[in-house]
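Peer 1: After the structure tokens below, expect a handful of questions from me.
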Amino acid sequence: MKIIANWKMNLPTPNLGSWTESFYQNVSLQDNKSIGIAPPFTHISDCIKHFKDIRIGAQNISSETEGNRTGEISAHIAKDSGASFVILGHSEVRENFNENALLINRKIKLAIKNYLSPVVCFGEPQDIYKSGDTEDFICSQLKECFKDIQADNIVIAYEPIWSIGTGTLPKINEISEIHSSIKDYCINHLKFKPESILYGGSVNDENCSNLINDKYIDGFLVGGASLKGNSFAKIVNNSI
Ligand code: PEP
């Protein structure tokens, strides 16, 4: 997957039907298989009906297989509802639910076991970015989260926490360097090659064109700018 919309706890306004209309009116791509949308859980099956050619995914899964976990969705249930991928390790989930590397590791294993492609997010807080320690920080997250995991369908999203929803991005060469380090680390230390390495953090239909020209940026995970069908379509048009 190259471009993924993360709708978070929002539905695109004013409704799914008009999002779909404005997306398809504006998108120029013939084959939308490399695009994903992660709606709230309750809208996964509705989205599958609306978007026959786009992959639909979940925004999280439980770290347990089944049982007494009120409010949670297992990998199996997410798959059963039609999801084909799952976003894991998003910084909002890490922060709001105290999600640590051990839990993310379990979730990635469960996703793979249940045929959900994992889209795993990594990113540094602003103080780490400012101190120049981003690469070490991300590599140690990769090491812990991917312990004993190798698969050929893993998508990695590099998402600096301080860039999410702020309109502020790292410089392109900084993103490029981190993506290149992520790729090297996965291949040389973890022994798997990520399917793609996406950038996430304040991507919009204007800045995506420059970003996508970098050889280490394969695509994007998009939050705010994915909530309007036409702006998401423009990101797709300018990036694939
Ligand atoms: C995100 O939260 O994954 C994200 C990339 O958000 P935004 O595009 O709004 O910065």
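Peer 1: Pop the C-beta distance of residue 29 and residue 204 into the FRET formula with R0 = 25 Å and round what comes out to the nearest 0.05.
Peer 2: Efficiency, from the Cβ-Cβ distance: 0.85.
Peer 1: Could you give the accessible area per residue of the chain, probe 1.4 Å, as a whole number in Å²?
Peer 2: For the chain, the solvent-accessible area averages 48 Å² per residue.
Peer 1: Same structure again: Mean residue ellipticity at 222 nm from the helices of the chain, using -39,500 (n - 2.57) per DSSP H segment of n ≥ 4 over the full residue count, to the nearest 500 deg cm²/dmol?
Peer 2: So the helix-based figure for the chain works out to -10500 deg cm²/dmol.
Peer 1: Would you mind pulling out the separation of the Cα centroids of the range 126-151 and the range 18-86, in Å?
Peer 2: The two parts, judged by their Cα centres, are 27 Å apart.
Peer 1: To the nearest 0.05, what FRET efficiency results for residue 98 and residue 46 with a Förster distance of 25 Å applied to their C-beta separation?
Peer 2: Numbers: r = 31 Å, r/R0 = 1.23.
The computed FRET efficiency comes out at 0.20.
Peer 1: Based on the Kirkwood radius over alpha-carbon pairs, what value in µm²/s does the Stokes-Einstein equation return for the translational diffusion coefficient of the chain at 10 °C and 1.306 mPa s?
Peer 2: Details: Rh = 17.8 Å.
Stokes-Einstein gives a translational diffusion coefficient of 89 µm²/s.
Peer 1: What percent do you get for the relative contact order of the range 22-94 when only Cα pairs under 8 Å and 6+ apart count?
Peer 2: Relative contact order for the range 22-94 comes out at 29 percent.
Peer 1: Subtract the Cα-Cα distance of residue 193 and residue 133 from 0.36 nm times their separation in residues, and report this length gain in nm to one decimal.
Peer 2: Taking 0.36 nm per residue and subtracting the Cα distance, the gain is 19.2 nm.
Peer 1: Points 7 angstrom from Cα along the Cβ direction at residue 143 and residue 173: gap in nanometres?
Peer 2: Using points 7 Å along Cα→Cβ, the separation is 2.8 nm.
Peer 1: How high is the relative contact order of the range 8-239, in percent, with contacts defined as C-alpha pairs under 8 Å that are six or more residues apart?
Peer 2: On the way: 413 pairs, mean separation 46.0, N = 232.
In percent, rounded to a whole number, it is 20.
Peer 1: Give me the percent of accessible area attributable to carbon and sulfur for the range 8-239, probe 1.4 angstrom. Present the calculation step by step, with values, prior to reporting the outcome.
Peer 2: Values: 5390 of 11220 Å².
Answer for the range 8-239 is 48 percent, counting heavy atoms of protein chains only.
The values are calculated or read from the model by the stated rules, or taken from the named source; none is laboratory data. Please read these numbers as outputs of a predicted model, since none were measured by experiment. Please note: Cβ atoms are built from the backbone with ideal geometry, for glycine as well, and neighbour counts cover all protein chains shown. Calculation scope for accessible area: heavy atoms of the full protein, side chains included, ligands and nucleic acids excluded. Shrake-Rupley method; radii C 1.70, N 1.55, O 1.52, S 1.80 Å.
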